[in-house]
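Structure first, then comments.
Just so you know, all these numbers are worked out from the coordinates, no wet-lab data involved. No experiment lies behind these values; they were computed from the predicted model shown. Glycine also receives a Cβ, built like all others from the backbone with ideal geometry; neighbour counts cover every protein chain displayed.
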Amino acid sequence: MRKIISYLLILTLLSSALIFASCEKKNNNDSSSVPGESKGESSEESGESSDTSDTSGVVENPFEYRTLVSAEKPYTVTAPSESAYPDLYNQQLTDGILACDEGITYRDASLVGFTTDVGIVVDLGDEGKELYEFNIRLLAMDIDGVGLPVRAVVYASDDSKEWKQLGKTEIDPYVDRTMCNGVLVLEEPVNARYIRFRVTLSKLFFFTDEVLIYANVPPKTQQVNNTQEKYDSDTNDYTAISNLSTGVAVNKTYSKNVAKGGKYTVTAAGFDERAGENKTILTEGGVVSSRFGHDAWVGISAADNPYIALDLGKVYDNLYSFKLYALGEGINIDYPDYVDFYASENGKDYYIIGRVYAPDPCPNYIYTITLAKFIKARYIKFAFSSGEGYYWVEELKALIGSGKTFENPAYPPLDLPEVKETEYWDESEPDYSTFLNLILGKPQQISASVYFNIGETDDTPASSPLLTDGKYAKSTYCYSGEWFEIATSGGARDIFYDLGKTSTVSQIKIDILVQKSYGIEYPEYIRFYLSENGTDWYMVYGQKHEKQNKEGVPVMLDYTLEKPYAARFVRINIKSRGFAFIDEIEVWGTKAVEETTQNISQSGIKPITFYTRESDRGYANNKNTSVRASDIALVFGDKGNENTLLPYVAYLDKQGNIVDTFMDGFLYTPSGPNLPSGNKATENTKKEDWLYFYDITFNGINGLDRLDEVTGEVKKALNLDEDYKVYVYLAFLNVSEQVTNFGDVDGDNAGENLSTPEGRKKVTMWFMKLCGDTFKERNYKNIALDGFYWLNETVGWEVDYTNVMTEVGDYVHEYGSNYLWIPFYNAEKFFYCREMGFDITSIQPNYAFYLDYTLESIYTCIKNALKYGISVEIEVSFQSYGDIYYVRRYLEYLYYGAVYGYMENATHFYYDDNNFFARMCNSKEFLPRLQYEYTYLFAKHKLKANPDKKSDLSFNASKDTILEGALAEFSQDTRYNIAVSPENGTVTINSDGTFNYYPNKGFTGKDVFYYTYNNYLGDSPECRVVVNVN
C-alpha cells in the first residue's frame, strides 16, 4: 500500500539510487521494481529491482543530517550537451536516475555528454540552507575521445550574478568504465540559492549523469500517495462486468495483442502531441524501454481524471487481459493512484471491468487486469485518478485468447510425402513411355525465405492452379487473372512438386512476365533442383540472370538438363527483383525410368539440405556438420587483458575459481574499423591488412598464443584428458573483386589481381597455408584450427559476392577445412548459404541491438534455421550490462533457445560486444553475473526455461480492509506477475512478491487470484492464492 512516508526516504532513495539506478542491486531491507515485458511465452515482469547501495562516494560526515536538496531542482547549463548524447527534457542531471556504477560506457542513455567546458547551475529555491556536500558523477573511460575532466570547481551565489568559489572537487581515482564521484565537502556549511559546477574538459568529451547537493537540514515529510483514501471512497459497481461477460472460461494457450496499431483518443487537460489524433505511439505493439530517457513515453496531464479510449476496430468475444504500461520515475512524474478499466461494445455504454491500484515505489509498472472469463467488447477505456504533474504511459494492450494459434502463414508448412523406398510407375500406365509434362494439373507447395502471414502481401495463394493448368496467358497485363504473382516481400520463393513416383526428368520450363512499367523485372536468380527424398536436393540448373530489356512480354526459360535424371521431387527457386509474375511451369520427362538413367543421388552433384517435412527439420550442429565446436565465441586478438579469455574457456564461480569447461570454439575476427591500408575489413583489403590481422590474431594480448596457454591452465585445473582441445576459426578479410593489386603472395614480384578467380585462389590459399603453417610451427598443444569464416554479413547489394563466396568455399574445402558464415537478419540471399558451400551458417536475429525489432525476428530466424538446417546466433549488447531492458532482450535469446530446441540441438555462436562475457563473469553486480551463469547453463544444455508451480497459498482478510501479504520471501532473482485477477476484488503485485489485496466493498467469502513468477526467463505455471474475507 502506498502510504505517507518520510521525505527522508525519498531523499535517501535519490541519493543512493535505490529506485532509479540503471543497474540492479538488492538487499533484504528494501525492494523496488522496474517492469517491462517479454513477449510471446517469455516472462512479463510487473517490476524489476533496482540499486540499493549508496553510489555517491564514501564521505566521512561530521554533520547531523545528510539531506539531498538538489533532487528534481531546475538547472541551466552554459553550453548545450552534444546532440548525440543529449540532456533529455533538461532534467537528467537532477532527476535521480543514476547510471550503473561499473561496466558503463558513454552510450548509456542515463549519461549526458559535453564537448566543451560547461557550467551547470542548479536553482535550489528556498532549500539552499546549510549546504556542505557537492558531488558531480563522472564517467571514467579512455576511448573515442572520452575522458575525465581536468577539474570540477563549485561556486555559490544568491542571485546567479555574484559568485563565490567554494572549492575544487576531489575526483575518485580512475577505474575504467566506472562512474567516479567528484566530491567537495566543506568544513562549514553555506547558504546559497544557486550552486554552479564549473567543469573543465581534458579531452573531446566528458559524461555525467547527476549533480548532487546535500544539506545539514532535517528531512521534510511529504505525502507521496495514499491508496487507502482512494479505496475508502471507491463506489464502483464491479458487478457491471456481467453486461460484457460471455461466461466462457478463458483459454490463453495462444494470446494475441489486438490493440496493436489501434486508434485511441486521449482526453486530458494536456498531453504529448505525439499521442494525438490518428497517432499510434501507444499501440505500436512493443515495449521499447523501461527507462525515463526513451522517447516511447507519452506524458499526460494528471489533472481532472484523464482517460484514454481505445478502439480495437471490431468486437471481440474472447478478450481477457488489459495492460497499461506506466512510468514512475523522473521529475514531476508519478503513478496514478489507480487506473479503472472499462469496456464497451458500442463506444457509448461503458462498464467497469476492474481497478488496479498503484504499486510500491518502482521505476515503472504494468497496470494489469486479467479476467477468468472472456468478455465481449470493441472499446476499452483506461481511466486515471486525478493527481499532480504528469502520468507517463508507454503502451496499451488488449489480449484475446484461444486454444488455436493465431498464426496464419501465407504458405502452409511444407509437407512432402516421406519416401522410405523408391517407388516406380507401373509399365501398364497408358502414358508410361510418353514424353509429357509431369506436373500438368498437379498442386504445388511453396515456401518463402522470409516468413509472412496471409494479407501481408499480394501473393497468389499456393493453392491456385494457375502454374500447372496447361494454359499460357493470353494477356500481358499482370493483373488479368492469368498470372501467378510473387510479391516483393518474403524474399525468395521455393516451389515444390511431387511427381507421384520416381520419374525421368529431362527438361524444365518457366514462363515469366517482364513489365518494367509495373516494376516487374526478370528474376535475379532461378534455380532448379531434383530430389529423391525431399530433403537432399541436387541443383541441376542455377544461374544469375541479368535484367531483360523488354516490356510487356513473357520470357520463357527453357532448360534441358545435361542428361536425364531419375527423381521424385522438383524444386524451383526464384529470387525476384521485386515482383514476379508467372503463368506456367512445366517439368518434361517420362514416367518410365530406363536402366541407363542415373538416379539424381548418384549424379555426383553435391546435395543441398532443405527440409520439407516438419518431422525432419533440424538445426546445424557439430553432429550433422563437420564443424567440431559446439559453443563458439567471437573474439578479438588485440582486445582485453591477460585475464579476458579465462571466463570463456572455463566457467568461473563468483570467487574466480575454475569449475568447469565453457566455450570450446573461438572465432577470431578483426576488431577495429580501419586497417593499415585505411580500408575496413569488409572493404577493398590488401596484403598489409591481412598480415596485420594475422599478427594480432596470433600474437595479440588475447591471440592464439594466449588461448593455447589459458586452455592449458584449464586442462590442468580440471584434470582434463591431454587430447582435450578448443577449436579455432579465423576470419577472411574481404576478398574483393575491385582489388587489382593485392600485393605479392607467391614471390613473383607481381601483385595479385583479385578480379580473377586465379588471383582470389592464390590469396585465400596463401592465407590458409600461412595460418596452418604457423599452427604447426608453434606446436600448439591445446587448440586446433578447424575452419575459416567469411566476414561480410551479406552477399552485398551494389556488389554481389555470391560467386566469390562460392569460389572461396571451394578453396577452403580443397585446403581441407570448414567454411563458416554469420549473415545478419534476413540478409540478402542468406538462403543460398549451402549452395555457396558453407559448412555451417548461423543467422543473426539482431534483436539485441535494435529497439524497433520485435521477437518476430527471433521467431523468423528459428523457422529459417529449422528449414535450411542452420543455427541461430546468440547476441548480447554492451547495454545489457546495466539496462534491464537489454538484459531481458539477451535472456530471451537463451529462453527461446531452451523452448525451441536450439539450446540442445544447435551449434551456438556468441556475438560478444567488447569482451562482455568476461566483464559479466567478473562483475559484482547481480544482473551481469546472472547473465554469465545463464549463458554457461545454456551452453551445457541445462538452462531451465520455466520454474515449477508453487503450492497454493491462503490468507485471511477483513471486510472492506486492504490486505497486505507476501507470496514468498524476497529473492533477488525472482519476479512476480498477476496471472488471473480476483473476481471479488483487485490485487496489486509488486515485483518483490509482496501484494496488496483490495476486496470489493461489502464482499465477504472466498476470493481467488493467480500469479506467476520467473527467474528472468519464462513464467511458471499459474499459482493459486485464496483470500478468505471475513
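Structural remarks
- Kirkwood Rh (inverse of mean 1/r, distinct Cα pairs), segment 882-929, angstrom: 12.0
- Shape class for segment 96-230, computed from the alpha carbon gyration tensor (a ≥ b ≥ c): oblate, with a/c not under 1.5 and a/b at or below b/c.
- With only the Cα atoms considered, segment 225-402 has a convex hull volume of 115 Å³ per residue.
- Percent RCO, i.e. relative contact order, over segment 953-1029, from Cα pairs under 8 Å lying at least 6 residues apart: 38
- Cα-based helix-to-principal-axis angle, 7-16 vs the chain, degrees rounded to 10: 40
- Based on alpha carbons, the Rg and Dmax found for segment 175-284 are 26.4, 71 Å.
- Size estimate for the chain follows the Kirkwood approach: the inverse of mean 1/r over distinct Cα pairs works out to 32.3 Å.
- In terms of distances greater than 21 angstrom between alpha carbons, the cross-link table entries LYS516/LYS544; LYS623/LYS654; LYS781/LYS942; LYS563/LYS867 yield LYS623/LYS654; LYS781/LYS942; LYS563/LYS867.
- Scanning residues 5 or more positions from GLN507 or on other chains, those with amide H under 5 Å from its amide H are LEU561, TRP588, with H placed 1.01 Å from N in the peptide plane.
- Pairwise centroid distance, computed over Cα atoms, of segment 106-139 with segment 799-843, Å: 52
- Rg of the Cα atoms in segment 923-972, relative to 2.2 N^0.38 Å, amounts to 1.83.
- Nearest-ten-degree value, helix 884-900 long axis tilted from longest Cα axis of the chain: 40
- Close amide H pairs (under 5 Å, H built 1.01 Å from N) link CYS833 with no residue at least 5 positions away or on another chain.
- Spatially proximal lysines relative to LYS279 (Cα-Cα < 28 Å; intrachain offsets below 8 disregarded): LYS39, LYS256, LYS260, LYS263, LYS314, LYS323, LYS348, LYS376, LYS381, LYS397
- Each part gets one Cα centre, and for segment 239-280 versus segment 864-890 those centres are 31 Å apart.
- Sorting the segments 584-591, 740-747, 612-619 by their mean number of nearby beta carbons within 10 angstrom, highest to lowest, gives 584-591, 612-619, 740-747.
- For segment 631-939, the convex hull drawn through the C-alpha positions has a volume of 129 cubic angstrom per residue.
- Taking trypsin sites (Lys or Arg not before Pro) across segment 974-1030, the ones in a DSSP loop with at most 15 further Cβ atoms lying within 10 angstrom of their Cβ are LYS1001.
- The label point for SER202 and the one for ASN803, both projected 7 Å from the Cα toward the Cβ, are 5.6 nm apart.
- Reciprocal mean inverse distance between Cα atoms of segment 953-1029 - Kirkwood radius, Å: 12.6
- Highest-first arrangement of 729-737, 421-429, 476-484, 706-714, where packing means the average Cβ count within 10 Å: 729-737, 706-714, 476-484, 421-429
- For segment 436-612, the relative contact order is 32 percent, taking Cα pairs closer than 8 Å that sit 6 or more residues apart in sequence and dividing their mean separation by the residue count.
- 0 to 90° range, to nearest 10: angle between helix 926-939 axis and the chain longest Cα axis: 20
- Quarter the surface of the alpha carbon convex hull of segment 456-576 and you get the mean projected area, 8.0 square nanometres.
- Ranked by the mean number of other Cβ atoms within 10 Å of their residues, highest first, the peptides 877-884, 807-814 come out as 877-884, 807-814.
- Ratio Rg/Rh, restricted to segment 870-991 and using Cα atoms, in which Rh is the Kirkwood radius: 1.09
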